[in-house]
1. Efficiency by 1/(1 + (r/R0)^6): what FRET value for B:Glu127 and A:Lys481, r their Cβ-Cβ distance, R0 = 35 Å, to the nearest 0.05?
2. What nm distance separates the two modelled labels at A:Lys677 and A:Ile448, each placed 7 Å from Cα along Cα→Cβ?
3. Could you work out the relative contact order of chain A? I mean the mean sequence separation of Cα pairs under 8 Å and 6+ apart, divided by the number of residues, in percent.
4. Set the bar at 28 Å for Cα to Cα. Now go through A:Lys483/A:Lys526; A:Lys179/A:Lys663; A:Lys401/A:Lys672; A:Lys553/A:Lys701 and name every pair that lies beyond it.
5. Tell me what chain A gives for mean residue ellipticity at 222 nm when only DSSP H runs of n ≥ 4 count, each as -39,500 (n - 2.57), the sum divided by the residue total, rounded to 500 deg cm²/dmol.
6. Using protein chains only (no ligands, no nucleic acids) and a 1.4 Å probe, work out which residues of the stretch B:40-65 have their accessible area cut by at least 10 Å² relative to the chain alone.
7. Return the percentage of antiparallel bridges among DSSP beta bridges fully within the stretch A:205-318, rounded to the nearest 5 %.
8. Cα to Cα, under 20 Å, and not fewer than 8 places away if on the same chain: which aspartates and glutamates meet these conditions relative to A:Lys240?
Amino acid sequence: MKNVDMKMHVKGQSVFIDDIKAPIGLLNAALFTSPVAKGRIKNIDISAAQKSEGVAMVITHKDIPGKNQIGHMIADQPLLAFDEIEYIGQPIAIVVADTRKNAKKACQLIKVDIEKLEPVFEPREAYQKGLIHAQKRVLVNGNIEEAFKKSKYIASGRIDSGGQEHFYFETQRALAIPKEADTIKVCASCQSPGAFQHHIAEVLDIPMHKVELEIRRLGGGFGGKESTAVWVVAAALAAKLLNRPVKLVISRNEDIATTGKRHPYSYDYKIGLDENGKILAFEVFLYQQAGGCADISPAVLGRSFLHTSGSYCIPNVKITAVSCKTNIPPNNAFRGFGVPQGTFIIESALFHASEIMGKNIIELKKINLLKDGDFLPYGMQLKKTNAVRCWETLDEKVNIKKRIEAVEEFNKNNQTKKRGISVIPVCFGISFAQSTLNQASALVNIYIDGSVSVSTGAVEMGQGVNTKILSVAANTLGIQKEKVRVDTTNTSRIPNASPTSASTGADLNGMATKFACEELLTRLKKLIAKKTNFFDLDKIRIKDGIVYLCGAKLDYTWEELILDAYNERTDLSCHSFYATPAIYYDRVKERGRPFAYYSYGTSLTEVEVDILRGVYEIVSIDVVHDVGKSLSPEIDKGQIEGAVIQSIGWTTIEQLRYAPDGKMLSSANSYKIPDIKFVPKNFNVMLLENSENPYAVCNSKAIGEPPFIHGLGAYFAILDVLRKIRKDKPLPSLPLTPEKVFMYIYE
Amino acid sequence: MKTITFTVNGQKYTREVEEHKTLLRFLREDISLTGTKEGCGAGECGACTVLLNSKPVNACLVLAVEIDGKEVITIEGIAQDGKLSPLQEAFERHHAIQCGFCTPGMIISAHSLLQRNPNPKREDIQEAIEGNFCRCTGYLQIIEAIEDAAEQLKPKKSKKR
């Protein structure tokens, strides 16, 4: 089933925040932000801005009725700075005016006196100075010292991976409308209905039941709208103070300059293998570049931490991880949530080890793949492991050995163009690592005309979650999909919703929807039983909107049934709840079962590098990915293709640049995301067949993030070429831009 | 302020407009056609692509006063009498859309390509869509949709749609 919004999308009729018809009296807001990376505010002078054309109010921290705090995990992030400044782009004032242009003009008239302090931009330096968010995490399993003593081959070194701008097409924005009795409605482009509603209530000093947060759809999110609530809360605050509707929409370049990104990491690694290439020991230190506030960084770090063994069985590990406080905008969630970085380091270490051992990296990977019964470093034993199945399926499809030989042959016959190849296995834990968040609820209403409305806490951002939920509802009730509509995500209908992230949107909300529909179906079957004097409920079925008894079709439609149910005073509305069972994690012991299940995949990437110029082309990507029993093959394929290309952007061309004072230099004109010419000529995606997953709704598997890992293949395929040219320097950092490739070869 | 006369999607308008207002803001704010989106406001992403006298342009880089005496087609003008064009149908059929924010500009560029070149090769499609970024899809389904639409539009079928 395809995305239900597409008919509107192709006509330009879908409504995003800035397309909502302007309410009467609408004002526009803009943010005045810090021009300094680290300092202390001495004075804020808003007098000139207040007198500027069209200005209704200039809001500073003094005007906030409630808490001046929007920290997602730790209370270290004021909505409006009043004392310490931690990054360029930190909000100091909100200017509200008749037009966005006048609001921005007035921002330029604000004078702020900041005492400059010494900023820190390097994560390792921050760690040395004791500047970290939350606590250092250490996980030890087995006996690392003994294992290294037994290792025949040991590789160690340092490597780094870079950040990534989300570049969701719809920038951060919200529209806030004050209502009667101190209530407020906020329409927002955000992924966390529950958490953002809570922040609004706290800042405005009103109870949560007076805040209605509504989300129709997002023009992309990718995690960037999950934790940082600045823009949504700022609009709500302005609307509350002025008692007028207020819209806040930030420009692309403001978004790039002031919002969080994918975390850059620096890593120290040491890996030990036995004489056959089996991994015996792995020791890694993760330095996460977190930014000026904790935001959601400790949670992202936690996921990197739990994924540093990648798709491999490693009996002895020591993992240390720190979230380093640096003076850039707080980095946040981005598709993969730390897993791409965790996987990158084990893949890099193993690549390095293969060079020392002199064994082909692809063979080395295969012999270390996870199997049923293996333990992950945090003590979870694997079941229904599809790592080897995905690998073998890919091998059957592309013949890995032949592909390696073909590349060797090509390289023999070509002087200036060289090809490289990489195989990347994927193992991605599904569930929020913070167990509390693994809950969801759904509200299903059947109206007397037979139409059905479903509300959940899931946020539609293009990933097709609403379509999957719709499909679960229609299939469970036994009615045509046209009868079902998925309503907006609204905190008045669905309270305390977890963010739509960690790829769990369909898993959690789909299951809650299924439960609600099953309950409604039982109520309806009881009514049918009463009417037909046939009491074996298991043999009563509804299919395509018609009632069946023991497989025999009755002259009784869904619409007639619903009308009868209403007349018989049956409750046609059901709220249901789902919490992922049997997951737990002990943060002190660093042991537990944090994930309900794992998503697997394997891909082969081939690149061609022009070794005179450093430019390259992705020749082909072949992906096999395990989606369980897909709720929608079209959607899942689209998610895989999109994730792979977005990830190759991260591993190759997307590079963020900062000035020495911490100012973001990248902008819409200089930050390149993959365009259509970037797509390889051969790009094949295959869903693993006959995969079942008892741990998620209708045997499906989560899809949003896991395929992002395949994009690492581009980095390692280019690396394959580079290391054949020279090995006299350390592994280059990610991304491998053409400039970096050139410099690696010739510097 | 300057008075301009122009047509949008076949409808004739006369409007007063500030000289510095972009076509993008003019369409969205003054003509209430919000199908055209602002993705970057810097002429990079193509989300605001419209046809100006049949040529695709970034509406964020054109001033509203420049459309005086000219004809503009926006995404709202592609479906005829509420019926989707073969290209729009193909986008739906091939699932060439995720969040939908880049879609209007993407369809305008592809529509313009098919008008110029009813038989595009893959390279032609890449050339025509190069200025339209999509952050969600891997572009494959978009390419497939445009190829399929071109096939549908071939004269041998000559169905007037």
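1. Approximately 0.40, to the nearest 0.05.
2. Taking the simple label geometry, A:Lys677 and A:Ile448 are separated by 6.3 nm.
3. About 15 percent, as a whole number.
4. A:Lys179/A:Lys663; A:Lys401/A:Lys672; A:Lys553/A:Lys701
5. The helix-only estimate for chain A comes to -9000 deg cm²/dmol at 222 nm.
6. B:Cys40, B:Ala42, B:Glu44, B:Cys45
7. 75
8. A:Asp18, A:Asp63, A:Asp98, A:Glu180, A:Asp182, A:Glu202, A:Asp205, A:Glu212, A:Glu214
The values are calculated or read from the model by the stated rules, or taken from the named source; none is laboratory data. Note that this is a predicted model, so its numbers are computed, not measured. Virtual Cβ from ideal backbone geometry, glycine too; neighbours counted across all protein chains shown. Remember, those area values only see protein heavy atoms, side chains included, never the ligands or the DNA or RNA. Shrake-Rupley method; radii C 1.70, N 1.55, O 1.52, S 1.80 Å.
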